[in-house]
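Data first, discussion second: the structure below is written as structure tokens.
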Amino acid sequence: MSSPSVKTRPRTVKAELDTWFDQRGWKAFKFQRDVCKAVAQGQSGLLHATTGSGKTYAVWLGILMRFMAVSRPKHAPAAPEKVAIRKPAGAPLKVLWITPMRALAADTQRALQTPLDVLAAAGAFTHWTISARTGDTSSAERSAQNARLPTVLVTTPESLSVLLSRADAAQVLKSVQAVVVDEWHELMGNKRGVQTQLALARLKTFNPALVVWGMSATLGNLADAMHTLLGRRDGHLVQGAVPKKLIIDTLLPDVAARFPWAGHLGLTMLPQVIGEIAASSTCLVFTNTRSQSELWYQAILQARPDWAGLIALHHGSLDRSVREWVEAGLKSGELRAVVCTSSLDLGVDFLPVERVLQIGSPKGVARLLQRAGRSGHAPGRPSRITLVPTHSLEIIEAAAARAAVAAGLMEARLSPQQPLDVLVQHLVTVALGGGFVPDALLHEVRSTAAYAGLSDDSWAWALAFVSQGGASLAAYPDYQRAVPDEAGVWRVPNAQLARRHRMNIGTIVSDASMAVQYVNGAKVGTVEESFAARLKPGDCFHFGGRLLELVRIHDMTAWVRKVSGKRAAVPRWSGGRMPLSTTLASSMVAQLALAAQGQYSSPELKRVRPLLDVQQQWSALPTPATLLAEVLTTRDGTHLFLYPFAGRNVHLGLASLLAWRAAQIAPRTFSIAVNDYGFELLCADAVDWPGLLPSVLAATSDAELLADVLSSLNASELAQRRFREIARVSGLVFQGYPGEKRSNKQLQASSSLFYEVFRKYDPGNQLLTQAQSELLAEELDIARLQHSLARMAAQQLIIKPLARPAPFSFPLMVERLREKLSNESMADRIARMVQQLEKDAGGDASAPVVLDISQALALGKDTLAPPKKRDRTSRRTPP
């Protein structure tokens with residue numbers, strides 16, 4: 001980039017930036033000017049603007065203008081013709097740029113560097129340096145940063161907490177004058193967001209004049225989002241609705257099956273997907289799970305071997321070098337397509353990407369818009385996303401998603417409230433970072449939105465827990481992690497505890513992973529230990545787009561070699577299925593209501609009309625005003641199908657609740673199956689559901705509902721599972737030093753031991769209470785369950801007796817079959833059922849069911865592992 005010519009009078013930062021914009025043909029939007037002005041004046045706030053509209057530059061240029069206004073003399077001398085862009089001694093740390101993902105950190109660093117180079121060439125900011133610190137940062141670079149931090153540090157919440165644990169944290173971080181939290185929507189609704197809130201509160205203590213800005217394109221509750229980010233401070237909300245053409249269409253199958261099940265389309269859509277890729281210059285093919293991405297990558301490559309080297313795979317379990325190679329290929333336009341997961345969801349700037357394909361439903365409006373924004377990622381360029389349904393009902397979801405976007409609907413995100421495991425971890429972090437005085441730190445913690453209502457009792461418990469591990473662990477020195485010294489300042493008492501804590505800072509908890517590495521030494525990535533444990537030497541699996549054969553497992557590493565031509569499994573990772581959001585579910589029911597009125601205006605509804613016609617003939621269509629229930633008697637027993645459209649998590653809670661209430665009236669056992677649209681209760685005995693259903697659906701008080709929900713589940717076992725994660729975050733379970741890998745069984749055994757000790761000898765331990773609260777809030781989504789019950793009570797209950805499974809009930813029956821049949825027997829069973837139902841519906845009963853069952857099941861279940869058996873009891877839920 002050539003330096004601007006030197007003029008006889010001094011150039012301002014604004015003039016330099018105006019020239020830079022003019023050279024690129026850019027013109028600042030009004031929201032960018034508003035943000036620059038607010039930041040330059042020292043205001044904090046939240047910027048919510050269209051994806052690809054220039055949010056990063058809006059905030060970054062405002063920060064540069066603020067620093068120039070504060071630090072540069074009013075009549076500075078003109079810059080010389082040639083100025084060294086960098087000098088050996090950099091300015092101290094002034095700006096923290098927090099990003100939720102490693103891939104986004106590298107891209108952000110490059111984006112921030114470009115305008116800084118322009119200004120440095122003109123004589124400004126010549127001492128400023130920029131670098132990133134994430135989980136991908138090398139040990140050598142970390143050592144250099146420990147000696148001297150850059151002026152601008154792009155980092156993650158976890159790495160920021162590590163900085164706060166430095167003994168000189170106050171001295172090093174008090175120079176920070178601005179913090180930017182990118183993709184705030186990605187952090188706000190989970191514990192990483194709470195960790196960020198606590199870190200920001202700490203930085204504000206070091207510098208009360210700290211400027212804080214958040215950025216997002218997909219938030220539905222902007223006022224709450226800004227309050228959560230800024231805490232007690234006032235903020236400036238800027239919305240940048242830049243006109244941008246967004247194309248949302250659906251890749252429709254030639255024929256939509258009238259009796260669908262999750263994943264039944266599967267790879268039968270492959271020829272059409274390949275056609276769309278061939279017609280595009282560069283595209284991203286998003287999947288919802290890593291296993292699904294592996295399957296689709298292999299399928300595309302097998303269908304088009306001539307694309308080898310032109311298509312790639314990207315997900316979070318691949319080695320850093322692989323991910324960076326893929327990202328570089330996308331930026332340069334050398335890749336035709338990349339099959340990816342949420343690892344490329346966020347604001348990484350890949351200008352060559354022309355369009356996005358979404359395999360399966362995005363399950364939420366915000367996720368749809370986020371992924372659509374990866375195409376045409378620049379002002380003025382259209383974004384296009386094409387939805388590829390994996391079953392017929394997802395065709396309706398596609399129409400619902402487009403309608404929701406047109407109506408401006410978006411999901412809200414709420415911050416977790418008072419997670420004590422995160423607070424306990426933060427207390428030890430601050431004790432390491434120079435120590436703390438309890439009263440002062442309490443005021444700081446309560447300044448966050450997450451802990452604004454923290455009680456004195458909870459605070460006292462947290463202090464007691466970090467000082468002695470609570471009542472039951474007081475005799476063990478390892479749990480005396482922070483204690484007051486002679487001056488009343490709480491510090492970590494020894495170096496070993498300090499090292500252990502720094503190695504385990506963070507709130508991201510997943511099953512233990514195992515490295516995958518070639519016998520010649522090159523790394524491939526990581527798989528879950530539970531998957532690798534099923535393999536024996538000689539077994540093959542697809543990973544990283546390759547067929548690998550296991551040679552041996554040693555020291556938590558799976559040593560492999562490349563092979564070809566053998567049948568393979570697909571690795572399983574945690575994450576599983578994403579539940580349908582409330583916003584998208586409501587829009588889907590609205591689409592069904594249009595169909596019930598005979599309105600089939602969209603291409604999607606026209607394609608699934610045969611399915612909807614059969615559903616109406618044999619049963620009815622759900623609408624916003626009605627709650628549809630279906631009752632069917634088969635040789636297996638009495639089936640109840642109910643369709644609240646509340647997402648699979650809520651349906652699991654509702655099904656367990658209804659089964660438990662029904663069993664209180666008369667002893668019965670039930671099997672449960674759920675999907676995003678409804679659930680099935682199967683009882684081997686006859687059940688009078690028309691007479692029973694109104695009473696078991698009756699609304700109760702919140703306290704009675706909570707008691708019923710806990711009674712309907714094996715709450716102790718489920719809470720213990722949640723406790724495993726809490727134990728890791730709170731530091732009860734040490735996950736090991738680098739190179740010292742502990743198996744998942746070891747970690748689970750340790751957390752289970754703590755759970756039993758606390759339950760028996762310290763029943764008031766608030767981590768036990770937190771485990772139950774998180775179970776209700778996250779796994780069962782109790783707030784949404786309560787809302788769903790209230791909505792169902794206001795709807796007209798329509799109970800339809802069935803002579804045979806209808807199109808909406810059929811996929812629920814298949815869900816139950818998945819739990820009890822092998823892949824082969826399930827294929828035969830489904831084929832027979834579909835042919836009989838087609839015959840009853842007046843279709844071609846002789847037409848074969850075209851499907852590779854093994855692939856369809858993998859796409860639907862995120863695993864090819866053998867199905868688990870379901871306990872037939874009203875007090876247990878499916879795994």
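The values are calculated or read from the model by the stated rules, or taken from the named source; none is laboratory data. Source: prediction; values computed, not measured. We place every Cβ from the backbone using ideal geometry, glycine too, and count neighbours over all the protein chains shown. The protein model used for the area step is the full one, side chains on, heavy atoms only, and it has no ligands, DNA or RNA in it. Shrake-Rupley method; radii C 1.70, N 1.55, O 1.52, S 1.80 Å.
See the values below:
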| read-out | value |
| --- | --- |
| Test: residue in region 407-420 that is at pLDDT 95 or above and hydroxyl-bearing (S, T, Y) | no |
| Residue count for region 791-825, restricted to those that are at pLDDT below 90 and either within 28 Å of the chain's Cα centre (by Cα) or buried (at least 21 other Cβ atoms within 10 Å of the Cβ) (or both) | 5 |
| Candidate set: region 543-571, residues that are at pLDDT 80 or above, open to solvent by less than 30 Å² (accessible area, probe 1.4 Å) and among the β-branched types (V, I, T); chosen: the one farthest from Y297 (Cα to Cα) | T557 |
| Helices (runs of 4 or more DSSP H) (entirely within region 581-649) containing at least 1 residues that are hydroxyl-bearing (S, T, Y), at negative phi and surrounded by fewer than 21 Cβ atoms within 10 Å (Cβ to Cβ) | 582-596 |
| Yes/no for R661 being basic (K, R), in a loop (DSSP other than H, G, I, E, B) and either touching a residue at least 12 places away in the same chain (Cβ under 8 Å) or surrounded by fewer than 22 Cβ atoms within 10 Å (Cβ to Cβ) (or both) | no |
| Enumeration of residues in region 105-148 that are basic (K, R) and closer than 28 Å to M503 by Cβ | R133, R142, R148 |
| Residue identified as assigned to a helix (DSSP H, G or I) and surrounded by fewer than 14 Cβ atoms within 10 Å (Cβ to Cβ) among A771, A783 | A783 |
| Residue that is nearest to L775 (Cα to Cα), among those in region 674-707 that are touching a Leu at 6+ places or on another chain (Cβ under 6 Å) and in a helix (DSSP H, G or I) | V696 |
| Which listed residue, of S143, S161, is in a helix (DSSP H, G or I), touching a helix residue (DSSP H, G or I) at 6+ places or on another chain (Cβ under 7 Å) and either open to solvent by 10 Å² or more (accessible area, probe 1.4 Å) or within 23 Å of M226 (Cα to Cα) (or both) | S161 |
| Residues being part of a loop (DSSP other than H, G, I, E, B), of a type in the set (G, A, S) and surrounded by fewer than 19 Cβ atoms within 10 Å (Cβ to Cβ) - total across region 435-459 | 3 |
| Elements of type strands (runs of 3 or more DSSP E) in region 214-315, at least 3 residues being open to solvent by less than 30 Å² (accessible area, probe 1.4 Å) and more than 30 Å from R446 (Cα to Cα) | 283-286, 311-314 |
| Complete set of residues in region 734-768 that are among the hydrophobic types (A, V, I, L, M, F, W, C) and either modelled with pLDDT under 85 or open to solvent by 70 Å² or more (accessible area, probe 1.4 Å) (or both) | F734, L747, A749, L753 |
| Number of positions in region 184-200 that are of a type in the set (D, E, K, R) and open to solvent by less than 10 Å² (accessible area, probe 1.4 Å) | 0 |
| Those residues of region 394-411 which are open to solvent by 30 Å² or more (accessible area, probe 1.4 Å), part of a loop (DSSP other than H, G, I, E, B) and in contact with a helix residue (DSSP H, G or I) (Cβ under 7 Å, 6 or more places away or on another chain), in sequence order | L409, M410 |
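Residues are listed down the side, and each one gets a yes or a no for (1) out of contact with any His (no Cβ under 7 Å at 6 or more places or on another chain); (2) open to solvent by 20 Å² or more (accessible area, probe 1.4 Å); (3) in contact (Cβ under 8 Å) with a residue 60 or more places away in the chain:
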| site | (1), (2), (3) |
| --- | --- |
| G470 | yes, no, yes |
| V483 | yes, yes, no |
| V489 | yes, yes, no |
| N494 | yes, yes, no |
| I505 | yes, yes, yes |
| Q517 | yes, yes, no |
| E529 | yes, yes, yes |
| F541 | yes, no, no |
